[in-house]
Amino acid sequence: MSDKQDLRSLSYDKMRQTMKDIGEKPFRADQIFDWLHSKKVSDYSLMTNLPASLIRKLVQNFEIYETRRVQVFVSGIDGTRKYIHRLNDGNVIETVLLKYDYGNTVCISSQAGCRMGCRFCASTIDGLARNLTAGEMAGQVYSVEDDIKERVSHIVVMGSGEPLDNFENFTDFIELITDEHGANISGRNITASTCGIVPKMIELADRKYAITLALSLHATTDEKRKQIMPIANKYSLEQVLDACRYYFDKTGRRITFEYSLIEGVNDGAEDAEGLIRIARSVNSHINLIPVNPIKERTYRATSRNAALALKNKLEKNNINVTIRREMGRDISASCGQLRRSFINDTGTGDQNA
Ligand code: SAH
């Protein structure tokens, strides 16, 4: 990263304070925030209503951290677009656009890499490179909008990284992207997914944002969860579920349980019973996701028929459940696989594509 602070990460209030600090009028904060988060430009030379003297001060004190599109893969099946973005320090991250009937959804990364170590996930294989700034999270959304020349209505924080392991930047991002002076995306249209960092789930609940919290459940007993998710050694399922209940109580937002189906690991009859038990104890919705096999591991996805049978069984028990639609299957997989293949192909994230 750079020594200079990321201008795009500043909240509207911090921008106002910054203008005061550098001896500028408050309305300049509105102008700069508007350029960065409504007009979504990241080049000072385009900010035509700012005096040169102010731009000089900004350049001295800040940088606008870039999220530069270096590769775009477009699915021929469903219009899904997958992006490699390069950051100003050469790190690369992946971002995905999903086109749904109800609008454009962008799946952003919250960290370059990840240190959570989930066994089935590609993002974590090389560990954590670094946290993303709030501006770099927003920058992924703006880059996609610039690419497709359409607005993004929904955001899911389900790319690489654990948002609650980057709590301050992640919550700054939520405040930035929902700010009515800027991008003004509704909190109700944002979902953030966590592997279950309990104290941070509670802290997030206390902020009372309107966002949906998704929990990566993936197993219904501590014993089994520990086998696939190291975080389960730190927090028991009961603690995690308590945090989910707390989140619902504080925000009124139903929890989404994500459950990646791994053949022979978590798709048996006792797993279905466990899911029914858990779903009944938390105001929630279950999203079944056939695991996306990664070449570094031997896990295989549950068959389509077995997944449908599980879904039927849950529905018969009045559980809200969906099977996640697979999108962009023809353009490499998600969850860190694209980033890894980019780094492996080019040697490092630093080279030009
Ligand atoms: N760190 C957050 C968000 C990242 S991933 C979390 O753990 O929730 C978003 C979802 O994709 C998580 O539920 C994650 O467990 C899941 N996932 C990761 N790799 C996967 C794979 N290969 N196949 C299916 N789901 C995967």
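The values are calculated or read from the model by the stated rules, or taken from the named source; none is laboratory data. Keep in mind that this is a model prediction, so the values were computed, not measured. No Cβ is skipped: glycine too gets one built from the backbone with ideal geometry, and neighbour counts run over all protein chains shown. When the accessible area is computed, the model is the full protein with side chains, heavy atoms only, and any ligands, DNA or RNA have been set aside. Shrake-Rupley method; radii C 1.70, N 1.55, O 1.52, S 1.80 Å.
Given a Förster radius of 41 Å and the C-beta distance between residue 27 and residue 206 as r, what FRET efficiency does 1/(1 + (r/R0)^6) yield to the nearest 0.05? The value I calculate is 0.75.
Could you tell me which GluC sites (Glu not before Pro) in the stretch 173-241 are loop residues by DSSP with no more than 15 other beta carbons within 10 angstrom of their beta carbon? Provide the component values of the computation, followed by the final result.
Numbers: sites: 175, 180, 203, 223, 238; in loops: 180.
Counting only loop positions with at most 15 other Cβ atoms within 10 Å, the GluC sites (Glu not before Pro) in the stretch 173-241 are 180.
Accessible area per residue for the stretch 217-315, computed on protein heavy atoms with a 1.4 Å probe, is 47 Å².
You can think of it this way: the chain between residue 308 and residue 250 has 17.5 nm of extra reach, that is 0.36 nm per residue less the Cα-Cα gap. Taking 18 Å as the straight-line reach from the Cα of residue 149, the lysines in range (excluding those fewer than 8 positions away in the same chain) are 39, 40, 82, 99.
The label-point distance for residue 45 and residue 280, in a model that sets each label 7 Å from Cα toward Cβ, rounds to 6.6 nm.
How much of the pair distance distribution for the stretch 5-63 lies past 13 Å, counting alpha-carbon pairs only, in percent?
Values: 968 of 1711 pairs.
Cα-Cα pairs of the stretch 5-63 separated by over 13 Å account for 57 percent.
Summarise the accessible area of the chain (1.4 Å probe, protein heavy atoms) by the percent that is carbon and sulfur. Before the final figure, lay out each step's value.
Working: 7060 of 15420 Å².
Heavy-atom surface of the chain belonging to carbon and sulfur, 1.4 Å probe: 46 percent.
Stretched out straight at 0.36 nm per residue, the stretch from residue 234 to residue 88 would grow longer than its current Cα-Cα span by 49.1 nm.
Axis of helix 167-177 versus longest Cα principal axis of the chain: the two differ by about 70°, to the nearest ten degrees.
Label 7 Å along Cα→Cβ of residue 300; the stretch 109-139 residues with amide nitrogen under 18 Å? Flagged as within label range: 120. For a straight C-alpha distance cut-off of 20 angstrom, the lysines reachable from residue 234 (same-chain residues fewer than eight places away being disregarded) are 200, 224, 226.
May I ask you to rank 276, 77 by accessible area, largest first, using a 1.4 Å probe over the protein chains only?
Highest to lowest solvent-accessible surface, that is 77, 276.
Looking at the chain alone, DSSP beta bridges between its own residues are antiparallel in about 45 percent of cases. Working ranking of peptides 280-293, 125-138 by packing, defined as the average number of other Cβ atoms within 10 Å per residue, highest first, is 125-138, 280-293. Between residue 150 and residue 270, the C-beta separation translates, for a Förster distance of 51 Å, into a calculated FRET efficiency of about 0.65.
Rg over Rh for the chain works out to 0.98, using Cα positions for both radii and the Kirkwood form for Rh. Using just its DSSP H runs of length 4 or more, each adding -39500 (n - 2.57), the chain gives a mean residue ellipticity at 222 nm of -11000 deg cm²/dmol after division by all residues.
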